[in-house]
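Chemist: Just dropping this structure here.
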Amino acid sequence: MGRPGPLSLNTITVREQWSLEQAIEGCRRHGITGIAPWRDKLAECGVERAARLIRSAGLCVTGLCRGGLFPGIDQAARRRAIEDNLRAIDEAAAIGARCLVLVVGGLPPGSKDITGARAQVRDGMMAILDHARRSQMPLAIEPLHPMYAADRACINTLGQALDLCDELGEGVGVAVDVYHVWWDPDLARQIARAGRRILAFHICDWLVPTRDLLLDRGMMGDGVIDIPAIRVKVEAAGYEGHCEVEIMSAANWWRRDADEVLRVCIERHASSV
Ligand code: ZN
C-alpha cells in the first residue's frame, strides 16, 4: 500500500480556535499544503484578502465548504438558495478552489416529502450548473450519512449522488467523506463507478459510541473506519488529490490547542490513512 496523498486542513477542524488567517498561517507553520475554508470564516476574512493570503502561503484549496441547501418551503426560499449558491461559486473561483462542496439540504420545515426534496435538489443544481461551468468551478455533491437526511442532506449514498451526476453531466462530481460512506455495502463498486468524478476526499473517524450526531467526529485512527482501505480504492479510481481532514469535535479537538491538533492530524495522516 502506497502512501496517501498530501494532507489538507478543513478549517472546521479548528473552528473554535482559529480564524481563517490563523489557519492559513498554521498550515504554513506545520508544512500542510492544502486548505478547505468554510464560507463564514471566508466572509470574516474577506474573500479578496483570503485569496491573497492563501496564494502567498502556496496552499492548494481542496474545496470551499459549502453550497447546497436547495430545498425550500416555497419558491422564494428556493430562489434565495440558488442565489446564495451562485455567490458561493464566485467565492470558490476567487480563492482558486478545486471544487465547491455541496451539502444539498434536507426536508423543508414541516415537510414529509423526501422525494420532493430530492427533486428540489436536482432542480437547484440545474439552475446553477451553467454558472458553475462558465466559472470552471466543479460542483462536488457530498452524500451525507442517512442520519442527516431530514436536516442536512437528502442525498445519502455515493450511488445516489452518482445517479444525479449522471443526470446532470459535465461539471458535477462527488466529495467522498469516509464518515458518511464507510458503512455502505456498495461502497467499493460506487467508488470505482465514480472514477475521475471524485473531486475531494475527506477523512476523520467514526467513534464508538458516538455521543453527538454532528459534533463528535473522531481523529483518524480513533474509530472503526478502515480509512486506508477506502483511500486505496479512491486512488485506484483515479483520485490524485489531497486527503482533507475534517473533524467537528465539540468535546475534544475543538477544546485543544490548535497547534497540537495539527500535529496529531499530521501523525495520524502518516499512520492511519
Ligand atoms: Zn466532508
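Chemist: Okay, which of segment 237-273 sit inside 17 Å, backbone N to the point 7 Å along the Cα-Cβ direction of Asp40?
Modeler: Counting only backbone N, you get 246-255.
Chemist: Sorted from largest to smallest, which semi-axis lengths in Å does the alpha carbon gyration tensor of segment 210-254 give for its equivalent ellipsoid, taking the root of 5 times each eigenvalue?
Modeler: On the way: eigenvalues 123, 26, 13 Å².
For segment 210-254, the semi-axes come out at 25, 11, 8 Å.
Chemist: Once phi is turned into θ = phi - 60°, what whole-Hz ³J(HN,Hα) does the Karplus curve with 6.51, -1.76 and 1.60 give for every residue of segment 173-184, x standing for Gly and Pro?
Modeler: Taking θ as phi minus 60°, the curve returns x, 10, 10, 9, 10, 4, 4, 8, 10, 4, 7, 6 Hz for segment 173-184.
Chemist: Could you compute the net charge surrounding Gly34? Neighbours are other residues with a C-beta less than 10 Å from the C-beta of Gly34; K and R count +1, D and E count -1. Don't skip to the answer; put the middle values down first.
Modeler: Working: positive: Arg98; negative: Glu244.
It works out to a net charge of 0.
Chemist: Here's something else I'd like to know. Going by amide H atoms built from the backbone, whose H comes under 5 Å of the H on Leu7, apart from near neighbours?
Modeler: Here the answer is Thr33, Cys243, since their amide H atoms fall under 5 Å of that of Leu7.
Chemist: Non-local amide H neighbours of Asp177 (under 5 Å, H modeled in plane, Pro and chain starts lacking H): which ones?
Modeler: His202
Chemist: Which shape class, rounded, prolate or oblate, goes with the chain when its Cα gyration tensor gives a ≥ b ≥ c as root eigenvalues, a/c under 1.5 marks rounded, and past that a/b bigger than b/c marks prolate?
Modeler: On the way: a/c = 1.44, a/b = 1.22, b/c = 1.18.
The shape class here is rounded.
Chemist: In whole Hz and in residue order, list the ³J(HN,Hα) couplings for segment 104-121 that follow from phi through the Karplus curve 6.51 cos²θ - 1.76 cosθ + 1.60, θ = phi - 60°; x for Gly and Pro.
Modeler: Whole-Hz 3J(HN,Hα) from phi for segment 104-121: 6, x, x, 7, x, x, x, 8, 10, 9, 6, 5, x, 4, 5, 5, 5, 5.
Chemist: Just in segment 239-273: which GluC sites (Glu not before Pro) are loop by DSSP and have at most 11 other Cβ atoms within 10 Å? Show your work: numbers first, answer last.
Modeler: Values: sites: Glu240, Glu244, Glu246, Glu260, Glu267; in loops: Glu240, Glu246.
Of the GluC sites (Glu not before Pro), the ones in loops of segment 239-273 whose Cβ has at most 11 other Cβ atoms within 10 Å are Glu240.
Chemist: Write out the trypsin sites (Lys or Arg not before Pro) in segment 171-273 meeting two conditions: DSSP loop, and at most 12 other Cβ atoms within 10 Å of their Cβ. Kindly include the intermediate steps, with their values, before the conclusion.
Modeler: Values: sites: Arg189, Arg193, Arg196, Arg197, Arg211, Arg217, Arg231, Lys233, Arg255, Arg256, Arg263, Arg268; in loops: Arg211, Arg217, Arg256.
Qualifying residues, ordered by number: Arg211.
Chemist: Would you mind calculating the relative contact order of the chain from Cα pairs under 8 angstrom and at least 6 residues apart, reporting the percent as a whole number? Spell out each step's value before the answer.
Modeler: On the way: 560 pairs, mean separation 55.2, N = 273.
In percent, rounded to a whole number, it is 20.
Chemist: Still on this model: Determine ³J(HN,Hα), in whole Hz, for all residues of segment 135-143 in sequence, where each value follows from phi through the Karplus function 6.51 cos²θ - 1.76 cosθ + 1.60 and θ = phi - 60°; x replaces Gly and Pro.
Modeler: For segment 135-143, the Karplus-derived couplings read 7, 6, 10, x, 9, 10, 6, 9, x Hz, x marking Gly and Pro.
Chemist: Taking the Cα centre of the chain as origin and charging only Cβ (+1 Lys, Arg; -1 Asp, Glu), how large is the dipole, in debye to the nearest 20?
Modeler: Values: 33 positive and 36 negative charges, 75 e Å.
The dipole of the chain has a size of about 360 debye.
Chemist: Please give the contour-minus-distance gain from Arg80 to Gln160: 0.36 nm per residue of separation, less the Cα-Cα distance, rounded to one decimal in nm. Working shown, then result.
Modeler: On the way: separation 80, 0.36 × 80 = 28.80 nm, distance 2.51 nm.
So the extension gain works out to 26.3 nm.
Chemist: With a ≥ b ≥ c the root eigenvalues of the C-alpha gyration tensor of segment 117-273, is it rounded (a/c under 1.5), prolate (a/b larger than b/c) or oblate? Before the final figure, lay out each step's value.
Modeler: Numbers: a/c = 1.77, a/b = 1.57, b/c = 1.13.
It comes out prolate by the Cα gyration axes.
Chemist: Let me ask something additional. Cα gyration tensor of segment 1-100, axes a ≥ b ≥ c as square roots of the eigenvalues: rounded (a/c below 1.5), prolate (a/b > b/c) or oblate?
Modeler: Numbers: a/c = 2.22, a/b = 1.79, b/c = 1.24.
In terms of gyration-tensor shape, prolate.
Chemist: State the extension gain, in nm to one decimal, for the chain segment bounded by Met1 and Arg134, taking 0.36 nm per residue of separation less the distance between their alpha-carbons. Don't skip to the end; give the middle numbers.
Modeler: Working: separation 133, 0.36 × 133 = 47.88 nm, distance 3.86 nm.
Gain on extension, Met1 to Arg134, equals 44.0 nm.
Just so you know, all these numbers are worked out from the coordinates, no wet-lab data involved. Keep in mind it's a predicted model, so treat the numbers as computed, not measured. Glycine gets a Cβ as well: all are built from the backbone with ideal geometry, and neighbour counts include every protein chain shown.
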